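The values are calculated or read from the model by the stated rules, or taken from the named source; none is laboratory data. Only a predicted model underlies this, so the values are computations on that prediction, with no experimental measurement involved. Glycine also receives a Cβ, built like all others from the backbone with ideal geometry; neighbour counts cover every protein chain displayed. Heads up: the accessible areas ignore ligands, DNA and RNA and are worked out on the full protein's heavy atoms, side chains in. Shrake-Rupley method; radii C 1.70, N 1.55, O 1.52, S 1.80 Å.
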Amino acid sequence: MEKIDAYPAPPGPSDPALIPITVLKNVGPKREALYEKLGISTIGGLLRHYPRSYIDYRDAKRVDSCPDGEIAVVAAKVLRRLPPAPIRKGMVLYKLTMTDGLQNFTLVIFNNEYAYYGMKAGEDYLLRGKVSRAGSGLQMALVSYVAPGEAAVMRPVYGLTEGLAAGMVANNVKEAVERFLPEFPDPLPAPVRAGHGLMPLKEALRLIHFPDTPESLGEAKRRLSFEELFTLSAALMLLKRREKAATSVLIGKPDMGAFYQSLPFEPTQAQLRVIGEILADMDKPAPMNRLLQGDVGSGKTMVAAAACYAACQKGYQSAIMAPTEILAAQHEATLRRFLEPLGLRVALLTGSMSPKQKEQLRGEIAAGKIDLTAGTHALVQEATAFDRLGLVITDEQHRFGVAQRQRLGQKGDNPHVLVMSATPIPRTLALIVYGDLDLSIIDELPKGRQPIETFSVHSDKRKRALSYIREHLERGEQGYVVCPLIEENDSELAAAERYAAALQQLMSPFQVGLLHGRMKPAEKEEAMRAFAEGETRLLVATTVVEVGVDVPNATIMMIENAERFGLSQLHQLRGRVGRGSKKSTCILVSDNDGEDNRRRLQVMKETCDGFVIAKEDLKLRGAGDFFGRRQHGLPSLAMADLFEDTGLFNEAQGAARALLDSDPSLSNPENALLKTEIERMFSANESALN
């Protein structure tokens, strides 16, 4: 007779990682659509869908030794089944009497008929559930169980979507491991695996889903984490090492004496160091591509002004692009103060200008009459042309798409590019998120800056907080009250307007202003001007003040519903005060007493260090949520933890550097799979490996 295989031969690609998951049992169109929600469409995607945690059934306890109210594993035998008890429509409570050999207890099963009838009297089971002491007896609320004959092992717990049960995923993964794992290619070259004591990919993938012991699980995690960090490091090094386009924009050794003498303050050593790095880049035949990171108030705009001054000395124009008109206007005003006394011509180009104003200004820019143009996306429009664009600066990089940066850069002969960000992130993460950029960090605040004293209060203390704000106004100072973001919700907008009106009565005779994202540009401009010039003493605002409003006389801020903001956003908002030499205060109002929110507010009270705050924010929210929609096309890390695996990252980075030093184009046969993996990694990014 002809032998019949247990599974049909899979159609499609020869690489098993690329085979569609529909070849698996019970994966029809409906389940395929559910997997699609998790981003899984291939066997490789399924096997790289790592468990988020594990249930360890090996360490079973006696029921009376289990802590009250905690999840535990107990080995027990079914004595008898008790009658089902309907509790409400469609809900049934099932109970079994169990024994662990020394003590009887009641197993409570909520609305799971399958488990209730599936457990047989006289059979032994491993039960996982929450133990509680009800009166004189013990009971366990069942969460999951292992049937007789099944090994006591560590069971995977997967991220799921509605309609996709844990058992379905586990069964599909088990089949994929049995059928396809033996043929899985390993992108890590054998010498790299041997040199760093790493198991083969096949073994790592088997153990990550079905570990034998915590030790073998740890080794599998190390192997897969190393692979992620190594592959990403190699890819980013290839990006940096590829031949860069030449630029004719060379600034030589500019004389910065007049610039430094004109400053109303003494630059910090960090600012001077970073300016030196930028000027060195701008005198190289390849265009600068540098990220400037600095905490709130660290003086990034002064550094940008220095770069613009250097470019202008050699006859080049500069452009600075900001994500909002408010921030663009703030940059224009600040840069004008720095540069106009030195003879530079500074202008602002935004979408809200009249067609006639835009046409006139664009004519001056194209004729070379403007040295520095600050603006929004209007800078990258086709109608905007430059005479000799030598320096492009973008602010708040994570709010721009890569294509927008490239379009602005194409308006000159490969001009130098400086990217500024006030969102501090740890250096390790910056290397990954901004892997194609060189990194400069201003890690020092200007002299005289005081830490911003921060408190958190419940809303029942709001009246006292407002009295405290009034005391600041009576001393001649200014303040902010920040409300959550107003978008399309008219009720929120009306509430903010009512709040501003109520505060106007409370703070009279001091003027209270209102600033929100749905105002017309001219209205926003007027609200900002009135506050900046001291006509408005208290500004009720949404997060539009997160960037761009710089009023040194503002010394107090109250943030309503603080739980609705991310940690880093709270830090950015808080940075609007404390910009002068006076002591400043931030009051966070929140009635949310959840553990996460308490931790967040505690971090805000304990530190003003943006890097520390960003690290905590990333731990709480994860990088995807922290950055919003990804702009770089870089893959997320499924296994490696950038906070816990710093040592492993350095090890993987060193290994990648050594490999590329010996095989710069990954042309050796043993590196072919790694090269394929890197090309696949960047296939979605048009500007990746060309």
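Descriptive notes on the structure:
- Within the shell defined by Cβ-Cβ distances under 13 Å, the residues around I251 carry a net charge of +1, with Lys and Arg each +1 and Asp and Glu each -1.
- Against the compact-protein benchmark of 2.2 N^0.38 Å, the Cα-based radius of gyration of the chain scales to 1.17.
- Estimated FRET transfer efficiency (R475, S262; beta-carbon r; R0 41 Å; 0.05): 0.80
- Exposure rank, largest accessible area first [V457, V274; 1.4 Å]: V457, V274
- The chain: relative contact order in percent, alpha carbon pairs under 8 Å with at least 6 residues between: 12 percent
- Projected-area average for the stretch 162-218 over all orientations - Cα convex hull basis, square nanometres: 5.1 nm²
- Summarising the amide proton neighbourhood of Y480: residues at separation of 5 or more, or on other chains, whose placed amide H is nearer than 5 Å comprise L539, I556, M557, M558.
- Average Cα contact separation per residue, the stretch 94-211, under 8 Å, 6 or more apart, as relative contact order %: 18 percent
- Remark on V417: its backbone amide H falls under 5 Å from those of M288, N289, R290, V392, a criterion applied only to residues 5 or more positions apart or on other chains, H modelled at 1.01 Å from N.
- Simple label model, 7 Å out from Cα along Cβ direction - R680 to Y50, nm: 1.7 nm
- Residues with amide H under 5 Å from that of I320, placed H, sequence gap 5 or more: T373, A374, G375, I393
- Applied to the stretch 590-604, the Karplus parametrisation 6.51 cos²θ - 1.76 cosθ + 1.60 on θ = phi - 60° returns per-residue 3J(HN,Hα) values of 7, 9, 7, 9, x, 4, 4, 5, 4, 5, 4, 5, 5, 4, 4 Hz, with x for Gly and Pro.
- Calculated log₁₀ intensity ratio I(q)/I(0) where the Debye formula runs over C-alpha points of the stretch 144-276, q = 0.19, 0.22 Å⁻¹: -1.22, -1.35
- Taking the alpha carbon gyration tensor of the stretch 91-162, multiplying each eigenvalue by 5 and rooting it gives semi-axes of 21, 16, 13 Å, largest first.
- Distance from the stretch 112-187 to the stretch 247-281 (C-alpha centre basis), Å: 63 Å
- Per-residue ellipticity at 222 nm computed for the chain from its helices equals -11500 deg cm²/dmol, with DSSP H segments shorter than 4 residues left out and the rest contributing -39,500 (n - 2.57).
- Unsatisfied cross-links (Cα-Cα over 27 Å) in the set K520/K619; K447/K605; K300/K524; K37/K130: K520/K619; K37/K130
- Neighbour count of at most 14 Cβ within 10 Å plus DSSP loop: longest chymotrypsin sites (Phe, Trp or Tyr not before Pro)-free window in the chain: 266-642
- Per-residue 3J(HN,Hα) values for the stretch 556-564, derived from phi via the Karplus relation 6.51 cos²θ - 1.76 cosθ + 1.60 with θ = phi - 60°, read 9, 9, 10, 10, 6, 6, 4, 5, 8 Hz in sequence order (x marks Gly and Pro).
- Pairs of alpha carbons in the stretch 269-417 whose separation is greater than 25 Å (percent): 20 percent
- Cβ-derived FRET efficiency at R0 51 Å, E364 paired with L620, nearest 0.05: 0.60
- Projected label distance in nm at Y117 and E533, using a 7 Å step from Cα toward the beta-carbon: 8.1 nm
- Per residue, the chain exposes 46 Å² of accessible surface when a 1.4 Å probe is rolled over the protein heavy atoms with every protein chain present.
- Kirkwood Rh (inverse of mean 1/r, distinct Cα pairs), the stretch 241-323, angstrom: 13.8 Å
- Remark: spin-label model distance S352-A190 equals 6.6 nm, labels positioned 7 Å along the Cα→Cβ axis.
- Restraint check, K30/K89; K240/K284; K77/K120; K253/K284, Cα-Cα greater than 18 Å: K30/K89
- Carbon and sulfur %, accessible surface of the chain computed with the full protein complex present, 1.4 Å: 50 percent
- Put I208, I71 in order of accessible area, highest first, and with a 1.4 Å probe you get I71, I208.
- Rounded to whole Hz, the Karplus (6.51, -1.76, 1.60) HN-Hα couplings of the stretch 665-673, x for glycine and proline: 10, 6, 8, 5, x, 5, 9, 5, 5
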